[in-house]
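Novice: The following block contains the structure, expressed as structure tokens.
The values are calculated or read from the model by the stated rules, or taken from the named source; none is laboratory data. Computed from a prediction, not measured in an experiment: that's the story for all the values here. Please note: Cβ atoms are built from the backbone with ideal geometry, for glycine as well, and neighbour counts cover all protein chains shown. Note: areas computed on protein heavy atoms with side chains; ligands, DNA, RNA excluded. Shrake-Rupley method; radii C 1.70, N 1.55, O 1.52, S 1.80 Å.
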Number of protein chains: 2
Amino acid sequence: MSLDKVDYVTEEAPRQATIFDVARLAGVSHQTVSRVVNDLPNVRSSTRVRVEEAIKKLRYVPSPAARALVTRRSRTIGLIATGGPEYGPSSTVLYFNAAARDARWSVFTANMTDSDPGSIRGAVEAFLRQNVEGIAVISGHEGSVDVVAGMELTIPLVALEATPHTGLATVGADQYNGARNAVRHLIALGHRGIAHLAGPADSVDARERERGWRDELGANDLSARVIGVGDWSPSSGHRFGEACDLTGLTAIFAANDQMSIGLIHALNERGLTVPHDMSIIGFDDIPEAAYVSPPLTTVRQDFETIGRDMLSTLLSRIDGDRSTELPQSLPELIERSSTGPATNVD
Amino acid sequence: MSLDKVDYVTEEAPRQATIFDVARLAGVSHQTVSRVVNDLPNVRSSTRVRVEEAIKKLRYVPSPAARALVTRRSRTIGLIATGGPEYGPSSTVLYFNAAARDARWSVFTANMTDSDPGSIRGAVEAFLRQNVEGIAVISGHEGSVDVVAGMELTIPLVALEATPHTGLATVGADQYNGARNAVRHLIALGHRGIAHLAGPADSVDARERERGWRDELGANDLSARVIGVGDWSPSSGHRFGEACDLTGLTAIFAANDQMSIGLIHALNERGLTVPHDMSIIGFDDIPEAAYVSPPLTTVRQDFETIGRDMLSTLLSRIDGDRSTELPQSLPELIERSSTGPATNVD
DNA sequence: TGAAAAGTTGTTAGCGCTCACAGTTTGCTT
DNA sequence: AAGCAAACTGTGAGCGCTAACAACTTTTCA
């Protein structure tokens, strides 16, 4: 079925060279070729050179399938990503993949818009069948990580947006302190009524940001009020911005930039201006943040670093290094014009 | 008091069952098991049942490595994605992957931020070594597709944002007519001086949008002026918005939403309001578009459909179907408030 | 100088599967 | 009841590679 009618035109593709072809050309045994290919010691350098020339001449490349069959290793990892195309997760996925490429590892990506346990388990099983040596999970939903962790895999697992699972490797920015910094900034500006527009309840990041906000307020004897629980989207920010009670408030910390944008828009529709009537601070620093009106004060996460850290953590675990030291970066406060001094509350 | 045969508390990782284990348990030959597994005919149904039971009992799953080694097929495809985490491409990647999962195909993703020929060729070679049966390219850079197409692969190739290469399967929205619709909308509103903020020169989509803009202007005897060539980012939109000459202009068609946002911001800084002083129209309909100020009139692309179409096109080519019919959708004009009636030009 | 040690190369046996074909049973015809 | 085709099932040979170890060289040093 792979033979189609154009085949008589194309020259018969010369069969990929095998290790035996190289061996014959170099006048050595296939095992010596294998040694050269795998960079093992105890090969005379003159022999090595001859083999390398033969390899180049025949354009030999080892067959991963054959190798995987015998070694049960594949130099391949599986990546599970749930959710839609939000900026944060998709950037992380992208840089994770890019880092894997740099390290000459292959990655199977399983994207799914939903994150029900069955799909996730199915993805993991498919990965296992493919002999992946490690699995990464980039998911906004806490449950996803739990499902994979609950499968008691024998291969390493690393997750973004981690729950404090014991024994689970997690990588990510310090959401908690990032949020505290954001709120601290607002307090320094004189704000006292600082509400929160939360992210989805099943997101660890969302919960950590909320916890940071709440703790910082608590440390300053200020009371906390959540004006809504959104789903990260601008439209959810807008929805809560339209409906919420603003009395006593001079600032709102939104769980991400996209919701901030929706929120500001709704506030404008209610006749309020930002930051004069209400200061708004977001989280993530998406590329648009600096160019909306007003430019968004926010907390920047470095998704490239996170993605690359996830990969390196996973690879070191695959190498057997179970050290618990996990990279965690501190997000940086970016001050723009959506926050300003508190004006008197009416 | 002997326990059930199934041993749940094995210390040693119990070696994965092979086709021979199943054969022994079912009292048949390994070949018969293979027939059952591959759903081949000529197996007595009673035998089939016995084998299936053995498979279930032993939790047998076929080894893709062994299978790939002998069949040279892998039920795996390779996806090359270049560029950064822009909304359009990353959405397409995501939905492509999701569709592949639904079809029970595995996909290797190679992300790279740059797109130099060497990296791309390297990625393709890695894919070939893994016996992928098809390759998809999602890249803003025209060159990327050319590189892959130039490798004269024997496996099918499908690309997003296509050049009119003969023999190359391409999927995507009709950028040209989408752009014409956008400009037509502006003309209907009374605009006569309609400039373009172009996307990067090496992007086919960018060129198609520009061509659509230019042709629609030409069809109405209006003159065309490009105020800048950006890189899709809000910051590039802002940069050109700051510097450009606006005389004689009442509207600008930007090549994407993100640049529109930067552009509008720059215009505001120059003391102009949108749409009163200048109508702006974007392209893509990113989630933020409806919530910036003013909400962006734009041309919506359905990235989910595009991603899924790419996958199905690729799979049908893998199946040997070389039909040239390629899915192409017409982007939809979304009218919001960044466009309005033309006011008198000064 | 000679033997052990170290360095180098070759041989054999699979990894788990499919393919080609050989062998066996069953069903149907006459 | 014989005979033959069709339906089933089994056997053996690889796919391309690495692991284990055997065999052969060269070096080292008493």
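Novice: From the set of residues in segment A:99-112 that are among the small types (Gly, Ala, Ser) and at the interface with chain B (Cβ under 7 Å from one of its Cβ atoms), which is farthest from B:Thr113 (Cα to Cα)? Working first, answer last.
Specialist: Just the residues of segment A:99-112 that are among the small types (Gly, Ala, Ser), to begin with: A:99-100, A:103, A:106, A:110.
Imposing the further condition that a residue be at the interface with chain B (Cβ under 7 Å from one of its Cβ atoms) reduces the set to A:106, A:110.
Numbers: A:Ser106: 16, A:Ala110: 20 Å.
Within segment A:99-112, the match that is farthest from B:Thr113 (Cα to Cα) is A:Ala110.
Novice: Working only within segment A:60-98, note down all residues that are open to solvent by less than 40 Å² (accessible area, probe 1.4 Å), more than 8 Å from chain B (Cβ to nearest Cβ) and either part of a loop (DSSP other than H, G, I, E, B) or within 16 Å of DNA strand C (Cβ to nearest atom) (or both).
Specialist: A:Tyr60, A:Gly83
Novice: Over 18 Å from B:Pro294 (Cα atoms), within 27 Å of the chain's Cα centre (by Cα) and of a type in the set (D, E, K, R): which single residue out of A:Asp319, A:Asp277 fits that description?
Specialist: Of A:Asp319, A:Asp277, the one residue that is over 18 Å from B:Pro294 (Cα atoms), within 27 Å of the chain's Cα centre (by Cα) and of a type in the set (D, E, K, R) is A:Asp319.
Novice: Within segment B:126-159, how many residues are in contact with a helix residue (DSSP H, G or I) (Cβ under 8 Å, 6 or more places away or on another chain), of a type in the set (Val, Ile, Thr) and within 19 Å of B:Ala68 (Cα to Cα)?
Specialist: Counting residues in segment B:126-159 that are in contact with a helix residue (DSSP H, G or I) (Cβ under 8 Å, 6 or more places away or on another chain), of a type in the set (Val, Ile, Thr) and within 19 Å of B:Ala68 (Cα to Cα) gives 2.
Novice: Kindly indicate whether any position in segment B:259-274 is more than 10 Å from chain A (Cβ to nearest Cβ) and closer than 22 Å to B:Asp174 by Cβ.
Specialist: No.
Novice: Taking segment A:23-39 as the search range and keeping residues that are exposed (fewer than 13 other Cβ atoms within 10 Å of the Cβ) and among the polar types (S, T, N, Q), which one is farthest from DNA strand C (Cβ to nearest atom)?
Specialist: A:Asn38
Novice: Can B:Arg44 be described as more than 9 Å from chain A (Cβ to nearest Cβ) and in contact (Cβ under 8 Å) with a residue 40 or more places away in the chain? Even if it seems obvious, please write down each step before you answer.
Specialist: Working: more than 9 Å from chain A (Cβ to nearest Cβ): yes; in contact (Cβ under 8 Å) with a residue 40 or more places away in the chain: no.
It is false that B:Arg44 is more than 9 Å from chain A (Cβ to nearest Cβ) and in contact (Cβ under 8 Å) with a residue 40 or more places away in the chain.
Novice: Restricting to segment A:254-301, what's the tally of residues that are charged (D, E, K, R) and farther than 16 Å from A:Ala182 by Cβ?
Specialist: So the first thing to find is which residues in segment A:254-301 are charged (D, E, K, R), and the list is A:257, A:269-270, A:277, A:284-285, A:288, A:300.
After this cut, where a residue has to be farther than 16 Å from A:Ala182 by Cβ as well, the list is A:269-270, A:277, A:288.
Within segment A:254-301, residues that are charged (D, E, K, R) and farther than 16 Å from A:Ala182 by Cβ number 4.
Novice: Of all residues in segment B:206-257, which are open to solvent by 20 Å² or more (accessible area, probe 1.4 Å), within 26 Å of the chain's Cα centre (by Cα) and within 18 Å of B:Thr298 (Cβ to Cβ)?
Specialist: Passing the criteria: B:Glu208, B:Glu210, B:Trp232, B:Ser233.
Novice: Looking at B:Gly307, B:Gly320 in this structure, which one is surrounded by fewer than 17 Cβ atoms within 10 Å (Cβ to Cβ) and either within 11 Å of chain A (Cβ to nearest Cβ) or without any contact (Cβ under 8 Å) to a residue 40 or more places away in the chain (or both)?
Specialist: B:Gly320
Residues checked against (1) more than 9 Å from DNA strand D (Cβ to nearest atom); (2) aliphatic (A, V, I, L, M); (3) modelled with pLDDT of 90 or more:
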| residue | (1), (2), (3) |
| --- | --- |
| B:Arg15 | yes, no, no |
| B:Val36 | no, yes, yes |
| B:Lys57 | yes, no, yes |
| B:Arg72 | no, no, no |
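Novice: Further question on the same structure: List pairs: first residue in segment A:19-41 and within 14 Å of chain B (Cβ to nearest Cβ) and in contact (Cβ under 8 Å) with a residue 12 or more places away in the chain, second residue near DNA strand D (Cβ under 8 Å from one of its atoms) and of a type outside the set (Val, Ile, Thr) anywhere in the structure, Cβ distance under 7 angstrom, at least six positions apart or on different chains.
Specialist: Short answer, once both residue conditions are applied: A:Ile19/A:His30; A:Ile19/A:Ser34; A:Val37/A:Pro62.
Novice: Shifting gears a bit: Given A:Leu249, A:Leu263, A:Leu314, which one is touching a helix residue (DSSP H, G or I) at 6+ places or on another chain (Cβ under 8 Å) and either assigned by TED's automatic domain parsing to the domain that holds A:His196 or modelled with pLDDT under 95 (or both)?
Specialist: A:Leu263
Novice: Further question on the same structure: If you go through segment A:120-129 one residue at a time, how many are among the small types (Gly, Ala, Ser) and over 11 Å from A:Val148 (Cα atoms)?
Specialist: 1
Novice: Give the residue that is surrounded by the fewest Cβ atoms within 10 Å (Cβ to Cβ), with candidates limited to residues of segment A:40-59 that are at negative phi and not in a helix (DSSP H, G or I).
Specialist: Checked segment A:40-59; the qualifying residue surrounded by the fewest Cβ atoms within 10 Å (Cβ to Cβ) is A:Pro41.
Novice: If I ask for residues that are within 14 Å of chain A (Cβ to nearest Cβ) and in contact (Cβ under 8 Å) with a residue 60 or more places away in the chain, which ones from segment B:234-256 would you list? Quick ask: steps written out before the conclusion?
Specialist: First, the residues of segment B:234-256 that are within 14 Å of chain A (Cβ to nearest Cβ): B:234-242, B:254, B:256.
The one that is within 14 Å of chain A (Cβ to nearest Cβ) and in contact (Cβ under 8 Å) with a residue 60 or more places away in the chain: B:Asn256.
Novice: List the strands (runs of 3 or more DSSP E) inside segment A:142-229, counting only whole elements, that have at least 3 residues being closer than 24 Å to A:Thr92 by Cα.
Specialist: Counting at least 3 such residues, we get A:157-160, A:169-173.
Novice: Next up: Taking segment B:133-152 as the region of interest, how many residues are open to solvent by 10 Å² or more (accessible area, probe 1.4 Å) and either among the β-branched types (Val, Ile, Thr) or within 22 Å of B:Ile306 (Cβ to Cβ) (or both)?
Specialist: 8
Novice: Hey, another quick one. Got at least one residue in segment A:118-131 being among the acidic types (Asp, Glu), at negative phi, touching a residue at least 24 places away in the same chain (Cβ under 8 Å) and at the interface with chain B (Cβ under 9 Å from one of its Cβ atoms)?
Specialist: Checked segment A:118-131: no residue is among the acidic types (Asp, Glu), at negative phi, touching a residue at least 24 places away in the same chain (Cβ under 8 Å) and at the interface with chain B (Cβ under 9 Å from one of its Cβ atoms).
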